[in-house]
Amino acid sequence: MSAAVEAIPRRSVKPNPALWFRQIRAIFWLEIRKNFLGRRAILIYLLALLPLLPLSLVAIVTPPGNEWKNFQQYSVIYAFFYTGLIMQTVVFFGCAWIFMNLFRGELVDRSLHYYFLSSVRREVLVVGKYISGLATSIVLFTATTVISMLLLYLPHFYSQSIRFFTEGPGLSQLLTYASITILACVGYGAFFMVVGLFVRNPIIPALLLYGWEWLNFLLPPLLKKISVVHYLKSLMPIPLPEGPFAVVAEPTPAWLAIPGLILVTIIVLVISGYRIRRMEIRYGSD
Amino acid sequence: MLATDQLIFFDDVSKFYGEILGVNRVNLQIAPGITSLVGPNGAGKSTLMNLMTGLLRPTRGSISVLGTPTDQPEELFGKVGYCTQFDSFPRGVTGREFLTSFLLVDGFDRKRADELCDTALAHVNLTEAADRKVAAYSKGMRQRIRLAQAIAHEPTVLILDEPLNGLDPMVRAETIALFRKFAAQGLHIIISSHILHEVDMMSDRVILINNGYIVAEGNIHGVRDEMEEHPMQILIRCDNPSKLASLVFDQDHVVEARLHEDRKGLFIRTRDADRFYLLLNRVVADGEINVESIAPVDDDLSAVYQYLIGSAGVSS
C-alpha cells in the first residue's frame, strides 16, 4: 500500500444505446414482476376496478332522472364520470401509488442498492423504471376508461350504442378518452416519480397536487396552465361546464397541449436523472 | 510502481453526514490481495466501503477503483462486486431470479446470465436451493446468495461487508478458502470483519479504523514493528529460563524479563526484537541454554488492535 502512484486519469464512458436498450428491457421486466405481478399490486387493481362498480350497478338498475332516459345525455354523463372519478381520482391516485413506489418503495424495502451496484447508468435506471410504471398504468387505466364507457352505454341503449360506436362519434370519443388517460399517466407519472425521489413523505405533495388540480377551475388563467388537469381537460371530446364560480380560460389547443405535456415530462425525467446521479444509499435516514 | 488502474485509491477523502463524521482525511492505496478493514462498530468501515462503491459520495477528496471514478457505475461495476450488510432483497424473487435479473440489468444476454448464475450458485453451494424464494432462506443462505450476487459477474474487485456473518463453521471455512482462491487469482478483496482471528488468518494486510480515522495500515507484522511505544512480548521455552533472564536483563532494549508460571519459560518485553533475536542466537550458539521454542506473544492482529483501538466491539 505504500506503492507510488500516477495521477488519476479521468475517463469518459462511451454511449452504448444497444446496451442501454437491453438494460432498460431487463429493468422493465424485473419491475413488472416485482411490483405489478405480486400481492402488493392487488390494491392498484382494485383501484382500477373502482369505476366499474357504480357502472355495474347502473347497468342493472337505471337511476331515476330524465337524463338517464335520453341517449344524447350519455356523452355528458360519461364526460362527468370520466373527469371526476377516472381521470382526477383513479388515474391520479393510481399513478401516485405506482410511480412514487418505483424509488420510494425500494428505499423502504432497502433494495435500491442492488440497482446502484449494477453496471448500469443511473439515468438508464430512471428510464427503465418509468417505462415499467407507464406500461402498467396505461394498461390498467386505459382498460378502465374503455370498459367504463362501454359499460355505461351498452346495457341501456344497446342498438343505439352499437351504431354510436361503429357509425357515429362514439369510437372517436372512446379513443380520445383513452388518449387523455395515457397522457395523464405520462404527466402524473413523471411528477410522482420525481416527488418519490426528492421527498421523504410523498403523500403530502400528492395531496397538495390533488387539491391544486381540483381547484384548477377557480384559478386565474395563467395559474391554470401550471397544472396537468388543465391540459387534459382541454382535450376532452365533450367540454364540460365548470360551475358558476369558475374562472373561464381558453382551452389550450391539442397541438400545444400534447407536446407541452410531453416536454414537461421530459424535463421532469431529466431532473430525475440528475437527482438519481447524485443520490446516496442511506437507508437509515430514509 | 503500481499504476492507479491496479489500485483502489483514496485521495484525502472525508465524509460527513451533516455534522457527524463518517471518515476523515483518508489516504489509501489498496493493492491486489486480501485487505481487511478492522475497527469497532461505527468506526467507519461500512462508510469506507460505501464510498468505494459510489453508494456514498465523498464530502471531500476523490476515490478511484482500478482507475475508474466511483461516480461512473456503468464502468465501475464491471469491475466491482459488493456484498453489503443490508439483509434485504427485491420482493418475491427466487435465488436464481435474483442473480439472473441483475446480471441482465448489467447487460449480459440471457444465455451468459444463466451460465454466470449457475457458476456463482455453485461457488456458494446454493444450487439446490436456487429455485426457492429468497424470503424463505435462512440467514446463512441469505448471506450466501448476497455473496453469489457480488461474485456472479466475475469482478476483479470484491468488497465484502462482514461476509462471514451468519455462516456456520463449515461454510465459513469454505468461504475463506474461496476468498483465498480469488486473491491468488490477483483479485482485490476488501473484507470488513469483527472476527480478528479470521482476519488475521486470511488477510495480506489490514486497515485499522477508529472514529473515522485510519489508525494503521499495512502488513500486520509491519504495523506491529512500528509500535515502539508497546515493546514486543516474546515467550522463550527453554531448559534454564532463570539463567536466560540474567543474561538478557542488562540489555538496554529489554524492558522486562519474567518467568513463566510453570518456570519452563521466560517472557521478554523488548523495544528491539531484532537485537533480542541476535542476542538469543549468540546465547544458544555458546551452548549456555537449550531453547525449545520462541513465539511472539503480541505480534498478531488482536494485540495490535488492543494497543491501538482497545477492546470495544470486536471478538478475537
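Most tightly packed first, judged by the mean number of other beta-carbon atoms within 10 Å of their residues, the peptides A:120-126, B:120-126, B:110-116 read A:120-126, B:120-126, B:110-116. The angle between the Cα long axis of helix B:273-285 and the longest principal axis of the Cα atoms of chain B comes to about 50 degrees, rounded to the nearest 10. Could you tell me which chymotrypsin sites (Phe, Trp or Tyr not before Pro) in region A:202-286 are loop residues by DSSP with no more than 16 other beta carbons within 10 angstrom of their beta carbon? Hits after loop and neighbour filter: A:Phe245.
Once the Cα atoms are used to define both axes, helix B:110-123 deviates from the longest principal axis of chain B by about 30 degrees.
Applying a length cut-off of 15 Å (Cα extent along the axis) and a mean Kyte-Doolittle floor of 0.0 to the DSSP H helices of chain A leaves A:17-31, A:92-109, A:122-153, A:170-198, A:203-214, A:254-277. On the basis of the beta-carbon distance and an R0 of 41 Å, B:Glu261 and B:Lys181 show a calculated FRET efficiency of 0.45.
Neighbouring Cβ atoms from other chains, within 10 Å of the Cβ of residues in A:28-39, number 3 on average. For B:Leu66, the amide hydrogen comes within under 5 Å of the amide hydrogens of B:Leu7, B:Ile8, B:Phe9, counting only partners 5 or more places away or on other chains and with H modelled in the peptide plane. Near B:Val105: Cβ cut-off under 10 Å, other residues only, Lys/Arg at +1 and Asp/Glu at -1. The net charge is +1. With helices as the sole contributors, chain B gives -10500 deg cm²/dmol at 222 nm; each DSSP H run of n ≥ 4 counts as -39500 (n - 2.57), and the sum is divided by every residue. DSSP beta bridges fully contained in region B:4-220 are about 55 percent antiparallel. If R0 is 51 Å, the Cβ-Cβ spacing of A:Ala18 and A:Leu57 corresponds to a FRET efficiency of close to 0.50.
So, in Å, what gap is there between the alpha-carbon centers of region A:42-93 and region B:211-278? With region A:42-93 and region B:211-278 each reduced to a Cα centre, they are spaced 88 Å. Between rounded, prolate and oblate, where does the protein assembly as shown land on the alpha carbon gyration tensor, with a ≥ b ≥ c its root eigenvalues, rounded for a/c under 1.5, else prolate if a/b exceeds b/c? Note, shape of the protein assembly as shown comes out prolate.
Values quoted throughout were computed directly from the atomic coordinates according to the rules given, and no laboratory measurement underlies them. Every value quoted in this text rests on a predicted model; they were computed, and no experiment measured them. Neighbour counts are summed over all protein chains in view; Cβ atoms, including those assigned to glycine, are modelled from backbone coordinates with ideal geometry.
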